[in-house]
Amino acid sequence: MNFYDSDKLRTLLFENGFLEISSIEEADIVIVNTCCVRKHAEDRALSFLGSFKNKKNNKVFCLVGCVPAIYKEEIFKKFDFIDIISGPNSYKKFVERLKKYNGGKIAIFEEDEGFLKELIVPQISEKFTSFVAITKGCENFCSYCVVPFARGKLISKPEDVVIKEIQTLIEKGIREIFLIGQNVNEYGKDIGGDFVKLLKRVHNIEKILRIGFLTSHPKDISEDLLNLFSELPKLYKHLHLPLQSGSDKILKLMNRKYTVEKYLKIVEKVRNLCPEISITSDIMVGFPYEDEKDFEETYNLIEKIKFDDLYVFKYSPRPHTEASKMPDTVSKEEKERRHQLIFNLQNKISILKNKNMEGKIEEVFVRKKSYKKENTYIGRTMNNKPVLIETKKNIEGEIVKVEIKRGERHYLFGILL
Ligand code: SAH
Ligand code: SF4
């Protein structure tokens, strides 16, 4: 979401005559876009900013995105060299004010009107692949999560606007689209739309060769959506379905509104419908009151489900959230230990899963050339696993047939057939 936002902001800035340069030293304006979903992300953004404290040199410093959205004017007290702050739903107003800026402290949190009704097609940082945000905000209030406070209410982008945005991206050469939202399954709730219908419509666009989506919330995922994995040939057979915890007690405290049993049913159903599907997930360790037994339930469930990959996070309290009012019961060292145990377990599972791909013939969409290795291209298998292909032929942006020769932790290695 932040990459997408940065690209969108970049586009607005370019349209208004600003230029991007590679050296911060020479810049007149420095804009830092921020994420606050975990304390670690926030700390990184603020310490990056802190490194400029003593070298202001008449630059205009701007802090945008989710960190200022939750701390508001307090930011000025902490970093007195910052000139402008703006939330993630106010980029149009931010650029307008930046154009006219002639000193003083400015805070912009008033949301842009009809933001999603107007087309801002992000400047593309990739040649063939792009995100397209279909919703902004979230109203689920999972107890650990700051997103509803930073990004506000759920607002869906009208179907026609999504399609227009994709068409503009196609003109720029894009062939692979990832529809993104905090919970794509809730797309359309506010405007009478429907995610399954939208996916089908995007799938009908001839020039789009590959489609993916994230994130799905287990409480809302529908059978109709799962059926699409076998119905739509251009849709990646990949489901990112955050589990968070394998303990019903913790899931309840997290306000996730599903049980382990329900989660397992979804996994079973989708694997029956589409055996080659890859399933990835998010896990959080060290949530308040997570004891050894809860952790073991999570560990055992991961061993049972065997995800293709996992993102494992250590819980950190976030401002405004319900969980931040609970005691942070798990020590730093214990969070680290639990994190490491799951990390090691997942490494083993991912290697096994990728080894299982060896010998398979795959249709691969080739996204780009590798920066690291000569005559090597990076593509994705139909179940959205990255594969490296060595060839002297230029295959960028094409669909090619590949035999998978080797599967390692993070990559598959294939030869062009
Ligand atoms: N909308 C998505 C997730 C957005 S945040 C969803 O509903 O799944 C991405 C991931 O960050 C979450 O799945 C969660 O595992 C993690 N996360 C969110 N808040 C966190 C916190 N306070 N501490 C640690 N991890 C957190
Ligand atoms: Fe946060 Fe839950 Fe909304 Fe995801 S669904 S953004 S975790 S509140």
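Regarding Gly188, is this residue in a loop (DSSP other than H, G, I, E, B), surrounded by fewer than 17 Cβ atoms within 10 Å (Cβ to Cβ) and not charged (D, E, K, R)? So Gly188 fails the test. Of all residues in segment 275-320, those that are hydroxyl-bearing (Ser, Thr, Tyr) and within 16 Å of ligand 2 (Cβ to nearest atom) total 5.
Output the residues belonging to segment 44-64 that are part of a helix (DSSP H, G or I) and either over 25 Å from Phe149 (Cα atoms) or not basic (Lys, Arg) (or both). Reasoning before the result, please.
First, the residues of segment 44-64 that are part of a helix (DSSP H, G or I): 44-50.
Passing the criteria: Ala45, Leu46, Ser47, Phe48, Leu49, Gly50.
If you check Leu251, Leu239 for being at pLDDT 95 or above and not in a strand (DSSP E or B), only one passes: Leu251. Each residue in segment 220-256 was checked for being within 14 Å of ligand 1 (Cβ to nearest atom) and either in contact (Cβ under 8 Å) with a residue 40 or more places away in the chain or under 17 Å from the mean Cα position of the chain (by Cα) (or both), and 14 of them qualify.
Confirm whether Phe48 is of a type in the set (Phe, Trp, Tyr), away from ligand 1 (no atom under 16 Å from the Cβ), within 30 Å of Lys314 (Cβ to Cβ) and buried (at least 17 other Cβ atoms within 10 Å of the Cβ).
Numbers: of a type in the set (Phe, Trp, Tyr): yes; away from ligand 1 (no atom under 16 Å from the Cβ): yes; within 30 Å of Lys314 (Cβ to Cβ): yes; buried (at least 17 other Cβ atoms within 10 Å of the Cβ): no.
For Phe48, the condition - of a type in the set (Phe, Trp, Tyr), away from ligand 1 (no atom under 16 Å from the Cβ), within 30 Å of Lys314 (Cβ to Cβ) and buried (at least 17 other Cβ atoms within 10 Å of the Cβ) - is not met.
The C-beta contact set for segment 300-324 (first residue more than 25 Å from Glu139 (Cα to Cα) and touching a residue at least 24 places away in the same chain (Cβ under 8 Å), second residue among the small types (Gly, Ala, Ser) and assigned to a helix (DSSP H, G or I), distance under 6 angstrom, 6+ apart or interchain) comprises Asp309/Ser350. Considering segment 292-311, and only residues there that are touching a Lys or Arg at 6+ places or on another chain (Cβ under 9 Å) and under 21 Å from Thr215 (Cα atoms), the residue that is surrounded by the fewest Cβ atoms within 10 Å (Cβ to Cβ) turns out to be Lys306. Taken as a whole, the condition of being at pLDDT below 95 and away from ligand 1 (no atom under 16 Å from the Cβ) does not apply to Asp194.
Selection of first residues in segment 170-191 that are of a type in the set (Ser, Thr, Tyr) and of second residues that are within 16 Å of ligand 1 (Cβ to nearest atom) and assigned to a helix (DSSP H, G or I), restricted to Cβ pairs under 6 Å at least 6 apart or on distinct chains, gives the following pairs, ordered by first then second residue: Tyr187/Phe195. Could you check, for segment 341-348, whether at least one of its residues is away from ligand 1 (no atom under 15 Å from the Cβ), of a type in the set (A, V, I, L, M) and either loosely packed, with under 14 Cβ neighbours inside 10 Å or in a strand (DSSP E or B) (or both)? Within segment 341-348, not a single residue is away from ligand 1 (no atom under 15 Å from the Cβ), of a type in the set (A, V, I, L, M) and either loosely packed, with under 14 Cβ neighbours inside 10 Å or in a strand (DSSP E or B) (or both). In segment 26-68, the residue that is nearest to Asn102 (Cα to Cα) out of those that are more than 26 Å from the chain's Cα centre (by Cα) and aliphatic (A, V, I, L, M) is Val60. When restricted to residues that are more than 12 Å from ligand 2 (Cβ to nearest atom) and closer than 13 Å to Asn183 by Cβ, segment 242-263 contains 0.
The values are calculated or read from the model by the stated rules, or taken from the named source; none is laboratory data. None of the values given here were measured: they were computed from a predicted structure. As a convention, Cβ positions derive from the backbone with ideal geometry for all residues, glycine included, and neighbour counts pool all protein chains shown.
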